[in-house]
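These notes are about the structure you will find just below.
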Amino acid sequence: MKKILFATSEAVPFIKTGGLADVAGTLPKYFDKDKYDVRVMLPKYMCMKQEWKDKMQYVTHFYLELAWRSQYVGILQMEYNGITFYFIDNEYYFAGWAPYGNIHEDIEKFAFFSRAVLSALPLIDFRPDIIHCHDWQTGLIPVYLDNFRYGGEFYRGIKTIMTIHNLKFQGVWDRKTVQDITGLPDYYFAPDKLEAYKDANYLKGGIVYADKVTTVSNTYAQEIKTPFYGERLDGLMNARSNCLSGIVNGIDYDEFDPETDKMIAKNYSVETFRKEKKKNKLALQEELGLEVDDKVMMIGIVSRLTDQKGFDLIAYVMDEICQDAVQIVVLGTGEERYENMFRHFAWKYQGKVSANIYYSEEMSHKVYASCDAFLMPSLFEPCGLSQLMSLRYGTVPIVRETGGLKDTVEPYNEYEKTGTGFSFSNYNAHEMMGIIRYAESVYYDKKRDWNKIVERGMQKDFSWKNSAKQYEALYDEM
Ligand code: ADP
Ligand code: GLC
């Protein structure tokens, strides 16, 4: 039996700010239980719902010497859907109304977390063969592990994987402060180790010291070796390319299932969507105060409202799009200028545009189920889960050909009658506009073809099954 520990800063259903939480919370369920014991460790944030905190069981506690401070580390535990989750408790570090805040605080918070994960291991009766680290927040784990190995037998032989969900976020702070916070010796602060461009860089440390590095799609694994996508670490990604692979994400097919979903107005399947799916559209139009019309093409967006997702392209042609016979439903939060942009257009085009500037699991399911198309013109996209959810719900993705979007959405070919969505290649607003108009024309003038696109999308399998197999192979190789 191989023992794997996921170390992560978020996991559903406990805490989520983005796709990382979906991955860390649901992928562990899909490993072969006879061969792999996969558990998850994350912080116990004050902002987690009380409902979850009440269910956690106290395991033990100890004190950690981190640089010159002595810090409390509580360990709690919970079984959820057959998976063991461990929670690291410290009310000083994990207070606050969101998991992340000021970067300088986060830098210390996740140094603490990474140290605490390693120090907790001897106390929980679970010595992992592999620690699978996710994103910069856990980048120090492979570094500390290297440092710990000299200290004791227990840590010798533990292997690490660093999975990059987003290279943009690296956990960068000045070297002196980080050295003070982490207590790591001078040795690690060199340009071939933790240091990048004179600063300390957590993700870089993880990439340098992990035994294997993965990212969440094949295309992104290639892209990050180039300056445009490499976020100034393309040199390192090239240097590590022998150990670097891309494994595309999946989604939880139990939770995202239009046949059984309790959050949507009307269930449907690949057999019944032609008649039933539009009932969701009617219900949503009613609920959001849009013109009620089952014929009009509804385009959905569910997203963090940031530059990464291509909102400057949308801002640029939003007025133009709104001249067409479409409705636009947005669900998202993020940068104020994008929140306000959508509020503005909802006011300007009442009955046509609906801006829902908040976070809601339930509303996201309604949008995935109700819309005809889903717009995701990302500047870069390591994998993207929203387009997979859309495919599952028969909502046709319109995407830019980058990262996981390129790997999971096959562009419609009207001659060969193939494809599951629409895509464009250059990061250009009018190229996007052109492809949206093309989708509109298929939707309105070639309904049979459109429905075939929907059908092919719903028949695709983006459950975790395939990806879990690839992670298993990677674990075995180590
Ligand atoms: P990223 O991790 O870059 O934000 P992904 O596509 O991988 O992008 O994952 C985004 C996840 O967050 C999806 O599960 C999506 O449904 C969800 N999501 C984003 N914004 C909201 C929102 N406002 N309300 C509910 N869910 C949201
Ligand atoms: C990141 C990426 C997103 C990916 C998610 C889960 O948030 O932005 O593309 O799907 O991680 O891996």
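Bear in mind these aren't lab numbers, they're just calculated from the coordinates by the rules spelled out. Predicted model, so just to flag it, every value in this text is computed and none were measured. Cβ sites come from the backbone with ideal geometry, for glycine too, and all protein chains shown count toward neighbours.
Table for the structure above
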item: Cα-based Kirkwood hydrodynamic radius, segment 200-326, one decimal, Å; result: 18.9
item: Shape metrics for segment 248-381, restricted to C-alpha atoms - Rg then Dmax, Å; result: 14.7, 42
item: Radius of gyration, Dmax [segment 1-79; alpha carbons; angstrom]; result: 14.3, 44
item: Isotropically averaged projected area of segment 354-478, using the convex hull of Cα atoms (one quarter of hull area), nm²; result: 9.6
item: Where only alpha carbons of segment 304-357 are counted, the Rg and the Dmax (Å); result: 10.3, 28
item: q = 0.13, 0.14, 0.16 Å⁻¹: log10 I(q)/I(0) that the Debye formula gives for segment 254-325, counting C-alpha atoms only; result: -0.55, -0.63, -0.78
item: Kirkwood hydrodynamic radius (C-alpha pairs) into Stokes-Einstein, segment 315-387, 10 °C and 1.306 mPa s, D in µm²/s; result: 119
item: Value in Å of the Kirkwood radius, where segment 18-155 supplies the Cα pairs that are averaged; result: 15.9
item: The chain - share of DSSP beta bridges that are antiparallel (%, nearest 5); result: 30
item: Among 387-393, 184-190, the order from most to least packed when residues are scored by Cβ within 10 Å on average; result: 387-393, 184-190
item: Segment 102-162: mean projected area of Cα convex hull, nm²; result: 4.1
item: Compactness relative to 2.2 N^0.38 Å, alpha carbon Rg of the chain; result: 1.00
item: Within the chain, helix-based [θ] at 222 nm, where runs of 4 or more DSSP H residues each add -39,500 (n - 2.57), nearest 500; result: -11000 deg cm²/dmol
item: The chain, dipole about Cα centre (Lys/Arg Cβ +1, Asp/Glu Cβ -1), debye to the nearest 20; result: 380
item: Rh by Kirkwood over Cα pairs, then Stokes-Einstein D for segment 67-116 at 1.567 mPa s and 4 °C, µm²/s; result: 106
item: For segment 144-270, Kirkwood radius (reciprocal of mean inverse C-alpha pair distance, Å); result: 17.0
